[in-house]
1. Can you check what the net charge comes to around VAL50, using other residues whose Cβ is under 12 Å from the Cβ of VAL50 (Lys, Arg +1; Asp, Glu -1)?
2. To the nearest 10 degrees, how steep is helix 14-23 against the longest Cα principal axis of the chain, on a 0 to 90 scale?
3. Dividing the convex hull volume of the Cα atoms of the range 63-136 by its residue count, what figure in Å³ per residue is obtained?
4. Under a point-charge model restricted to the Cβ atoms of Lys and Arg (+1) and Asp and Glu (-1), what is the dipole moment magnitude of the range 45-136 relative to its Cα centre, in debye to the nearest 20?
5. Name the residue farthest towards the positive end of the dipole of the chain from the options LEU21, LEU69, VAL111, assuming +1 on Cβ of Lys and Arg, -1 on Cβ of Asp and Glu, about the Cα centre.
6. With angles folded into 0 to 90 degrees, how steeply does helix 46-62 sit against the dominant principal axis of the chain? Use alpha carbons for both and round to 10.
7. Identify, among GLY126, ALA51, LEU97, the residue whose Cα sits farthest towards the positive end of the charge dipole of the range 48-136, taking +1 on the Cβ of Lys and Arg and -1 on the Cβ of Asp and Glu, with the dipole about the Cα centre.
8. Can you give me the convex hull volume of the Cα atoms of the chain, divided per residue and expressed in Å³?
Amino acid sequence: MNALLIGCSDGRISARLDALLREVGAPDANRLLVPGGALPLTRPGAERRVALDCIREIVDVHDVRVIYLVSHQECAAYERALGGLGFDQKELLERDLRRVKTLLETNFPGVDVRSYVIPWREDGEGAAYGPAAPVD
Ligand SMILES: [Zn+2]
């Protein structure tokens, strides 16, 4: 399967990740699930190098043409990394997704990167993750 999903390892979003992959016609996509998803790729140094090595391995072996880069709100890895709540999570996630998209497209010129955020929704029905929404 020549697609790769990069997302957070948080099990609470797994159904939304599956739904997204079905929707885009890539249910058997390769998956790289790590805390924060794109987060390690935003950090210079060893973390980013290891993450890029893993991605390069998958891209080369499976001839990956599309990477689905998915972040989510209420992400514990992001909260830890940033020392707690109190930041504009959506804005920050989208900023990181744009930066990482550029990084990936620079490192893997033949690959198309598509970014998404899985929103956390609270309403009269309760609180839950909503469907993944594309980020430009
Ligand atoms: Zn997370």
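Every number in this text was worked out from the coordinates using simple rules, so none of it is lab data. From a predicted model like this one, the values you see are computed outputs, not experimental measurements. Here the Cβ positions follow ideal geometry from the backbone for every residue, glycine too, while neighbour counts run over all protein chains shown.
1. After counting each charged neighbour, the total is +1.
2. For helix 14-23, the angle is close to 60 degrees.
3. Expressed per residue, the convex hull around the Cα atoms of the range 63-136 is 109 Å³.
4. Value, rounded to 20: 300 debye.
5. Result: VAL111, furthest along the dipole toward the positive end.
6. Result, in degrees: 60.
7. Final value for the positive-end residue is ALA51.
8. Expressed per residue, the convex hull around the Cα atoms of the chain is 105 Å³.
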